[in-house]
Amino acid sequence: MPTAPAIRLSGVSKRYAAASPVVLDGIDLTVAPGEFVCLLGASGCGKSTLLGIIACLDTASAGTVEVEGRAAVMFQEASLLPWLSARRNVELALRLGRADLPRPARRARALELLDLVNLADAAEKRPHELSGGMRQRVALARALAQDREVLLMDEPFAALDAITRDLLHEELERVWRETGRTIVFVTHNVREAARLGQRVLLMSSRPGRIVNEWRVADDAPRRIESPQVSALSVEITEQLRREILRNAA
Amino acid sequence: MPPETLVAASAAAADTHADDLRTLEAGLDRLQTDVERPLPWWRRAIDGVLPPVLLVIVLLAAWQAYTVIAQPRPDLAPGPLDVAAALGEAWNDGRLQLAVATSLERGILGFLIAVAVGTPLGLLLAEWAPLRRALGPLISGLQVLPSVAWVPAAILWFGLSDATVYFVVLMGAIPSIVNGLVAGVAQVPPQLRRVGRVLGASRLELATSVVLPAALPGYLAGLKQGWAFSWRSLMAAEIIAFGGSIGFGLGSLLQQGRDLADLAGVLGTILVILALGIVIELLVFAPVERGLLRRRGLTGGTP
């Protein structure tokens, strides 16, 4: 049975000024509800711009953007409010996004979400008392608090060490399966994309276009060190290098 | 194996996997965060209070030793005991208490009025760029202009009355408070505003829930400077504007000491003014600032 897509972009183009170069050129993208899509590309290919357009933080110069409900966004920095505890940070998202929820219910819901990302014990800690990985998990709980169908993630683990990132991949995969969110995950890390996505989209640079896509069989739990992930990474990296070489000529 | 058992087994495996992840994550969290163990309050009090108190005792002892050994003219270089005697005399005839009460009352009242005027003005400037561009340089200029410069004009406008004193205090304090608030808002990381918008905050919610709390440290710095400028301006105004219906403040006490060539009294008054400034800083601003910075993980220059 065909269902309405969570995100549908058609012919989306972006240039920042009339005379400036084209950043995004005719992007067509459909994401099904509950799908996990990784958007992969070299720095400066416009993948963050595209994410910003889907998040309504930016507008497209041409084309149409349809998003089911509005999207929640997670950034590379956790961007927590430093004067609020982890719980109050999550509560703020509940207060701003769902005004109908009374205060005790907000508190309970915030604790529930922090427990989902395995931070129930750190609820009363302030951001500066948490490690980078814990801060990103609070940011994930905050994004989930908005209760939106679509979750956009802009290189959320890029600033973390490899061990933490590896655990957060598992964490994110688990949260995705439990909550059934639609996730668009932007990254410049090929292995990360091959590890996480059900579908990996490769973007070229200048102008930004989607040049290839891979579907990943999602039958068994993957690991960053799985042979399946390695094989796909090799394949994607080869094409990524060809795209970069085009720019050298 | 019947299929049900297989399903149950794989579900159990998934459960243990989730539990493993939890434990693993908890271990990593513990490795990556260190527990702060705060010093007991008496230790912090000793660490903070002892060094300055010792310094004061050493300075007083050196001063007294100089007067005993070098025997300077007491009217040009009075010793600490002479100064204490002069203060005691002023206390006995009630001038000291009157002066401290008058000055503190004016300083605090003037500062509060400056806060009440400066805060909305600062918010308006911070959130409305055209006004900031127009008025910003003027406010910065006023901050540089010594507010004593207003005393002659204020005397001509308001005569020798309390209004003169308050006018000078406000001209000293308001620009600092406005500038502090504007700087505090300007230093709010743009990313926090972006997050606020992503979370669905309206303009008002963004201001009250994100921008204002984020600007608090800058605002507090402005308030501190505003208080310092109020206190200085007040002393200057009290020294220059003497008599009329103006009450008797610490500046007046200084001026009276000069007229009587009473150097011990003048030095004593200076010490009282200094001590009051320190007490207000230690009792009011320092605890607020320390709490504010500690909550945000910004431990300032002082431990």
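The values are calculated or read from the model by the stated rules, or taken from the named source; none is laboratory data. Note that the structure is predicted; figures quoted are calculated from it, not measured. Note: ideal-geometry Cβ built from the backbone for every residue, glycine included; neighbour counts use all protein chains shown.
If the condition is being in contact (Cβ under 8 Å) with a residue 60 or more places away in the chain, over 16 Å from B:V83 (Cα atoms) and surrounded by fewer than 19 Cβ atoms within 10 Å (Cβ to Cβ), then the stretch B:249-288 contributes B:L276, B:F285, B:V288.
Being within 11 Å of chain A (Cβ to nearest Cβ) and surrounded by fewer than 20 Cβ atoms within 10 Å (Cβ to Cβ) is a description that applies to B:L206. Scanning the stretch A:55-109 for residues that are away from every other protein chain (no Cβ under 13 Å) and basic (K, R) returns A:R87, A:R103, A:R106, A:R107, A:R109. Taking A:E171 as the residue in question, decide whether it is at the interface with another protein chain (Cβ under 9 Å from one of its Cβ atoms) and more than 13 Å from the chain's Cα centre (by Cα). It is true that A:E171 is at the interface with another protein chain (Cβ under 9 Å from one of its Cβ atoms) and more than 13 Å from the chain's Cα centre (by Cα).
Restricted to the stretch A:10-54, and to residues there that are within 14 Å of chain B (Cβ to nearest Cβ) and hydrophobic (A, V, I, L, M, F, W, C), the residue that is nearest to A:Q239 (Cα to Cα) is A:L51.
Looking at the structure I just gave you, is B:R133 buried (at least 18 other Cβ atoms within 10 Å of the Cβ) and of a type in the set (K, R)? Against the criterion (buried (at least 18 other Cβ atoms within 10 Å of the Cβ) and of a type in the set (K, R)), B:R133 does not qualify. Of all residues in the stretch A:200-242, those that are in contact (Cβ under 8 Å) with a residue 24 or more places away in the chain, charged (D, E, K, R) and surrounded by fewer than 19 Cβ atoms within 10 Å (Cβ to Cβ) total 2. Could you grab me the full set of residues in the stretch A:1-21 that are surrounded by 12 or more Cβ atoms within 10 Å (Cβ to Cβ) and out of contact with any Gly (no Cβ under 8 Å at 6 or more places or on another chain)? Residues satisfying the conditions are A:P5, A:I7, A:R8, A:R15, A:Y16. Filtered by the rule that a residue be at pLDDT below 85 and among the basic types (K, R), the stretch B:57-105 gives a lone residue, B:R73. Is it the case that A:V150 is crowded, with 17+ Cβ neighbours inside 10 Å and away from every other protein chain (no Cβ under 14 Å)? In short, no. The single residue among A:R87, A:R95 that is over 14 Å from A:L140 (Cα atoms) and part of a helix (DSSP H, G or I) turns out to be A:R95.
The set of residues in the stretch A:130-147 that are crowded, with 20+ Cβ neighbours inside 10 Å and more than 10 Å from chain B (Cβ to nearest Cβ) comprises A:R135, A:Q136, A:V138, A:L140, A:A141, A:L144. Here B:G200 meets each of (1) assigned to a helix (DSSP H, G or I); (2) within 14 Å of chain A (Cβ to nearest Cβ) with one exception, condition (1). For the stretch B:233-285, a residue qualifies if it is within 15 Å of B:S103 (Cβ to Cβ), among the acidic types (D, E) and within 17 Å of the chain's Cα centre (by Cα), but none of them does.
Being in a helix (DSSP H, G or I), surrounded by fewer than 20 Cβ atoms within 10 Å (Cβ to Cβ) and either in contact with a Gly (Cβ under 7 Å, 6 or more places away or on another chain) or touching a residue at least 12 places away in the same chain (Cβ under 8 Å) (or both) is the requirement here; does A:E124 meet it? Judged against the criteria, A:E124 is not a match. Filtering the stretch A:174-225 to residues that are more than 14 Å from chain B (Cβ to nearest Cβ) and charged (D, E, K, R) leaves A:R181, A:R191, A:E192, A:R195, A:R199, A:R206, A:R209, A:E213, A:R215, A:D218, A:E225. B:V56 meets the stated requirement of being of a type in the set (V, I, T), under 24 Å from the mean Cα position of the chain (by Cα) and not assigned by TED's automatic domain parsing to the domain that holds B:L283. The lone criterion from (1) in contact with a helix residue (DSSP H, G or I) (Cβ under 9 Å, 6 or more places away or on another chain); (2) under 15 Å from B:L250 (Cβ atoms); (3) free of Cβ contacts under 8 Å to residues at least 40 places away in the same chain left unmet by B:L124 is number (2). Inside the stretch B:81-118, residues that are over 30 Å from B:N179 (Cα atoms) and polar (S, T, N, Q) make up a count of 2.
Determine, yes or no, whether A:L111 is touching a helix residue (DSSP H, G or I) at 6+ places or on another chain (Cβ under 7 Å), farther than 20 Å from A:I163 by Cα and modelled with pLDDT of 85 or more. Yes; evaluated as a whole, the condition is true for this residue. Here is a check on your reading of the model: is B:V272 in contact with a helix residue (DSSP H, G or I) (Cβ under 7 Å, 6 or more places away or on another chain) and among the β-branched types (V, I, T)? Judged against the criteria, B:V272 is a match. Given the condition of a type outside the set (S, T, N, Q), loosely packed, with under 11 Cβ neighbours inside 10 Å and modelled with pLDDT of 80 or more, answer yes or no: does some residue in the stretch B:16-23 qualify? No, the stretch B:16-23 contains no residue that is of a type outside the set (S, T, N, Q), loosely packed, with under 11 Cβ neighbours inside 10 Å and modelled with pLDDT of 80 or more.
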